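Below you'll find the structure, written out as structure tokens, and then a few comments.
The values are calculated or read from the model by the stated rules, or taken from the named source; none is laboratory data. No experiment lies behind these values; they were computed from the predicted model shown. As a convention, Cβ positions derive from the backbone with ideal geometry for all residues, glycine included, and neighbour counts pool all protein chains shown.
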């Protein structure tokens, strides 16, 4: 019998607490609210039965099922926590510090035995990026990157390195999901004219010139993202450069590659130029969705031959999210887009709903495959903080707005293992709700600041309808115009210079759009400048958030 819907965990200036999921939305008694602003991190175990959090003094573990405190560790500076897949180990990370005399710091990555509370092993892990060791799902294998090697441990024995994978200048690795035999994807960046490459290996066969299951090399890659499918038969690689030498994109340049464990590989041909915003595998492992191209972006589903299966056309979107069962796909435009979502039945390629979640900085499917969580969190946005629970048919079932003097930092679902919630037949009729939907059904056309207090005229720009997601902007992009932050001083002359140049470009784009709104015909290069507004706004926001 399936359980009731998962709990929600909420962390913010009002403290740390849990809320019962649909249909009740009352505060849960599983976890007594911890008031104060000192909670920096929390995590659930993969099956949702254990919960750990750091309150600025200690890291505590409780059992969600019997509400009992299991362990408490004296780790006041812990900012990262993660359980191993079968709840055997809790990994904790604190920022690495060296002593004043320059001697090496103490180990800051700890691995604790969840059953006994003893520390199994401590490591020095200087960077927060990729801080956590990677486990196989049955925990017989654990791996972590050390200099030019990946070190493997077996059966949680961290005192003995069972195996090493050595490649010169290895930059990243990803362990495959699922059962044995385990596979590992590794990335080595290019240097001195040599290409970057990603190789797939089967553990523990690392030695010899023909040990790799597959190899894919490419020249345009300063960094990569490697995505295994659930069945561990293939990896998608998003290769990115920091700078696009053609000048077409401020995002740099991205390419998408497919590598299979049977040795096959291919470049995924994307039929529209521009950034790759998101790539996601379906849980079936037989298809993936890519969102790409200058705004309005295209979204396409590809099969394992990298052939397009279905094209969703273009729209104001930069993200894709498959439901846990893989039968529903949400295409969304968050960040500096307006929060429009398209909910699709991907078995029949039929649109279910088009809700709008303005100002959202976070999205997550509930493990039950029926409910969706969207949230507006600080520090990304410090106004209108709060969260909403939706049914995929577009109804808002619950809404919480944080008081104006408070902030929401994090909200997430309690996880559950696959198969706990059975897949249900898709419905197209919106489920009833007592919460009014205040969001606009259709986003209104953009009006430049110079025209906002004037009557609407029948110019080319104002006559455009935004009803069709396939309609390309002529010429204004379908992004939310935002007031840029006032001049900020970062303390770094280079960053200040970048911010100043970005604001100068955005001002020029604003002037071009005002000209277009009065009916002036723009040149091709001017239209291309307007298309870059979304990327410029994102770059400016990233720079100012880092100050």
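Return the only residue of 158, 123, 173, 152 being surrounded by 15 or more Cβ atoms within 10 Å (Cβ to Cβ), more than 23 Å from the chain's Cα centre (by Cα) and within 23 Å of residue 230 (Cα to Cα).
152
Show the residue pairs that are 6+ apart or on different chains and have beta-carbon atoms under 6 Å apart, the first residue being within the stretch 116-130 and outside any loop (DSSP other than H, G, I, E, B), the second being at pLDDT below 90 and exposed (fewer than 13 other Cβ atoms within 10 Å of the Cβ).
none
What are the pairs, 6+ residues apart or on separate chains, where a residue within the stretch 185-206 that is in contact (Cβ under 8 Å) with a residue 60 or more places away in the chain has its Cβ under 6 Å from a residue that is assigned to a loop (DSSP other than H, G, I, E, B) and surrounded by fewer than 22 Cβ atoms within 10 Å (Cβ to Cβ)?
Matching pairs, first to second residue: 200/213; 200/261; 203/182.
So for the stretch 309-321 (the condition being out of contact with any helix residue (DSSP H, G or I) (no Cβ under 7 Å at 6 or more places or on another chain), surrounded by fewer than 23 Cβ atoms within 10 Å (Cβ to Cβ), in contact (Cβ under 8 Å) with a residue 12 or more places away in the chain and more than 23 Å from residue 227 (Cβ to Cβ)), does at least one residue qualify?
Scanning the stretch 309-321 turns up at least one residue that is out of contact with any helix residue (DSSP H, G or I) (no Cβ under 7 Å at 6 or more places or on another chain), surrounded by fewer than 23 Cβ atoms within 10 Å (Cβ to Cβ), in contact (Cβ under 8 Å) with a residue 12 or more places away in the chain and more than 23 Å from residue 227 (Cβ to Cβ).
Please note which strands (runs of 3 or more DSSP E) are completely contained in the stretch 172-255 and include at least 3 residues that are closer than 17 Å to residue 152 by Cα and modelled with pLDDT of 90 or more.
Filter on the stretch 172-255 gives 172-175, 183-188, 196-202.
For residue 298, state whether it is on the phi < 0 side of the Ramachandran plot, crowded, with 16+ Cβ neighbours inside 10 Å and outside any strand (DSSP E or B).
Taking the combined requirement at face value, the residue does not satisfy it.
Please determine, by comparing only the residues of the stretch 266-289 that are touching a residue at least 40 places away in the same chain (Cβ under 8 Å) and buried (at least 20 other Cβ atoms within 10 Å of the Cβ), which one is nearest to residue 241 (Cα to Cα).
Result: 275.
Output the number of the condition that residue 410 fails; it satisfies all remaining conditions of (1) under 23 Å from residue 327 (Cα atoms); (2) buried (at least 16 other Cβ atoms within 10 Å of the Cβ).
(1)
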